[in-house]
Amino acid sequence: MSTNKLEQESRYDILQNKEGEILIIINSRPGGPEEPRFVYDGGKTALLYRTKEMAVVFKDIAEGARKPLKMVTSMLIVEVEDDVVLREYTVPVRIIKDVESLIK
(Lines give C-alpha, C1' and ligand atoms only; values in the text may rest on other atoms or scores of the structure.)
Protein backbone atom coordinates (compact mmCIF):
# COMPACT_ATOMS: atom_id res chain seq x y z
CA MET A 1 0.00 0.00 0.00
CA SER A 2 1.52 3.32 -0.97
CA THR A 3 1.02 6.04 1.60
CA ASN A 4 1.94 9.66 1.02
CA LYS A 5 1.43 10.95 4.55
CA LEU A 6 2.29 9.46 7.95
CA GLU A 7 0.98 11.21 11.05
CA GLN A 8 2.22 10.43 14.55
CA GLU A 9 -0.63 9.94 17.03
CA SER A 10 0.50 11.80 20.14
CA ARG A 11 -2.36 10.74 22.41
CA TYR A 12 -4.45 7.61 22.12
CA ASP A 13 -6.22 5.14 24.39
CA ILE A 14 -6.44 1.39 23.83
CA LEU A 15 -9.31 -0.25 25.71
CA GLN A 16 -10.42 -3.90 25.92
CA ASN A 17 -13.79 -5.15 27.12
CA LYS A 18 -14.58 -8.45 28.89
CA GLU A 19 -15.14 -10.19 25.55
CA GLY A 20 -11.62 -9.25 24.41
CA GLU A 21 -12.77 -6.67 21.86
CA ILE A 22 -10.45 -3.70 21.30
CA LEU A 23 -11.37 -0.03 21.00
CA ILE A 24 -8.82 2.65 20.17
CA ILE A 25 -9.63 6.33 20.74
CA ILE A 26 -7.67 8.79 18.59
CA ASN A 27 -7.78 12.44 17.63
CA SER A 28 -9.98 13.11 14.61
CA ARG A 29 -8.53 13.67 11.16
CA PRO A 30 -10.08 15.53 8.22
CA GLY A 31 -12.32 13.39 6.04
CA GLY A 32 -13.62 9.93 6.66
CA PRO A 33 -11.68 6.70 6.41
CA GLU A 34 -11.53 4.79 3.09
CA GLU A 35 -10.94 1.04 3.44
CA PRO A 36 -9.09 1.49 6.76
CA ARG A 37 -6.91 -1.23 8.23
CA PHE A 38 -4.70 -1.63 11.27
CA VAL A 39 -1.32 -3.33 10.84
CA TYR A 40 0.67 -4.66 13.76
CA ASP A 41 3.61 -6.95 14.48
CA GLY A 42 3.26 -7.44 18.24
CA GLY A 43 5.83 -4.79 19.14
CA LYS A 44 5.73 -1.19 20.32
CA THR A 45 4.62 0.35 16.98
CA ALA A 46 1.47 -0.01 14.85
CA LEU A 47 -0.08 1.71 11.84
CA LEU A 48 -3.67 2.63 11.07
CA TYR A 49 -4.14 3.15 7.35
CA ARG A 50 -7.12 5.55 7.21
CA THR A 51 -6.91 6.02 3.43
CA LYS A 52 -4.51 5.06 0.65
CA GLU A 53 -2.83 8.45 1.11
CA MET A 54 -2.66 8.70 4.92
CA ALA A 55 -1.66 6.49 7.85
CA VAL A 56 -1.53 7.14 11.58
CA VAL A 57 1.52 5.87 13.51
CA PHE A 58 1.11 4.56 17.06
CA LYS A 59 4.41 4.45 18.95
CA ASP A 60 5.22 3.14 22.42
CA ILE A 61 2.25 0.78 22.68
CA ALA A 62 2.01 -0.35 26.30
CA GLU A 63 3.39 -3.80 27.06
CA GLY A 64 0.01 -4.94 28.42
CA ALA A 65 -1.81 -4.00 25.21
CA ARG A 66 0.49 -5.87 22.82
CA LYS A 67 -0.81 -9.42 23.23
CA PRO A 68 -4.51 -8.41 23.11
CA LEU A 69 -3.85 -6.41 19.91
CA LYS A 70 -2.39 -9.51 18.27
CA MET A 71 -5.39 -11.63 19.29
CA VAL A 72 -8.16 -9.70 17.50
CA THR A 73 -9.13 -9.78 13.82
CA SER A 74 -10.87 -6.39 13.94
CA MET A 75 -11.25 -3.41 16.26
CA LEU A 76 -13.29 -0.27 16.71
CA ILE A 77 -11.62 3.08 16.04
CA VAL A 78 -13.23 6.15 17.62
CA GLU A 79 -12.13 9.59 16.46
CA VAL A 80 -12.73 12.44 18.90
CA GLU A 81 -12.31 16.18 18.91
CA ASP A 82 -12.55 18.05 22.21
CA ASP A 83 -14.03 14.94 23.89
CA VAL A 84 -16.80 14.74 21.25
CA VAL A 85 -17.02 11.58 19.12
CA LEU A 86 -16.90 12.62 15.47
CA ARG A 87 -16.84 9.16 13.92
CA GLU A 88 -16.37 5.50 14.72
CA TYR A 89 -15.62 2.60 12.43
CA THR A 90 -14.50 -1.01 12.52
CA VAL A 91 -11.16 -1.89 10.97
CA PRO A 92 -9.60 -5.27 10.20
CA VAL A 93 -6.34 -6.07 11.98
CA ARG A 94 -3.48 -7.46 9.88
CA ILE A 95 -0.53 -9.05 11.66
CA ILE A 96 2.66 -8.48 9.70
CA LYS A 97 6.34 -9.23 10.23
CA ASP A 98 7.82 -5.74 10.75
CA VAL A 99 5.83 -2.49 11.14
CA GLU A 100 8.97 -0.39 11.60
CA SER A 101 10.07 -1.17 8.02
CA LEU A 102 6.88 0.48 6.74
CA ILE A 103 7.53 3.84 8.41
CA LYS A 104 11.16 4.37 7.42
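The values are calculated or read from the model by the stated rules, or taken from the named source; none is laboratory data. Here the structure is a predicted model, which is why all the values come from computation and not from measurement. Heads up, the Cβs are rebuilt from the backbone with ideal geometry, glycines too, and the neighbour counts pull from every protein chain shown. SASA here: full protein model, heavy atoms, side chains in, ligands and nucleic acids out. Shrake-Rupley method; radii C 1.70, N 1.55, O 1.52, S 1.80 Å.
Of all residues in the stretch 12-44, those satisfying the criterion of being part of a loop (DSSP other than H, G, I, E, B) and under 17 Å from R66 (Cα atoms) are Y12, N17, K18, E19, G20, E21, D41, G42, G43, K44. Would you point out the residue of the stretch 87-104, among those that are closer than 18 Å to E21 by Cα and without any contact (Cβ under 8 Å) to a residue 40 or more places away in the chain, that is surrounded by the fewest Cβ atoms within 10 Å (Cβ to Cβ)? The selected residue is T90.
Does S10 meet the test of being open to solvent by 40 Å² or more (accessible area, probe 1.4 Å) and in contact with a strand residue (DSSP E or B) (Cβ under 9 Å, 6 or more places away or on another chain)?
Details: open to solvent by 40 Å² or more (accessible area, probe 1.4 Å): yes; in contact with a strand residue (DSSP E or B) (Cβ under 9 Å, 6 or more places away or on another chain): yes.
Judged against the criteria, S10 is a match.
Take V85 and tell me if it is touching a Leu at 6+ places or on another chain (Cβ under 7 Å), part of a strand (DSSP E or B) and not aromatic (F, W, Y).
Values: touching a Leu at 6+ places or on another chain (Cβ under 7 Å): no; part of a strand (DSSP E or B): yes; not aromatic (F, W, Y): yes.
No: the conditions fail for V85.
Entry remark, the stretch 47-66: residues being buried (at least 16 other Cβ atoms within 10 Å of the Cβ) and in a helix (DSSP H, G or I) number 2 in total.
For the stretch 17-46, a residue qualifies if it is more than 23 Å from D83 (Cβ to Cβ) and surrounded by fewer than 17 Cβ atoms within 10 Å (Cβ to Cβ), and the qualifying residues are K18, E19, G20, E34, E35, R37, G42, G43, K44. Checked against the criteria, I61 does not count as touching a Leu at 6+ places or on another chain (Cβ under 9 Å) and either acidic (D, E) or under 15 Å from V91 (Cα atoms) (or both).
Contact annotation: residue pairs with Cβ atoms under 7 Å, 6 or more positions apart or on different chains, pairing a residue in the stretch 7-34 that is free of Cβ contacts under 8 Å to residues at least 24 places away in the same chain with a partner that is open to solvent by 100 Å² or more (accessible area, probe 1.4 Å), are E34/K52. Looking only at the stretch 67-86, residues that are open to solvent by 60 Å² or more (accessible area, probe 1.4 Å) and under 24 Å from G32 (Cβ atoms) come to 7 in all.
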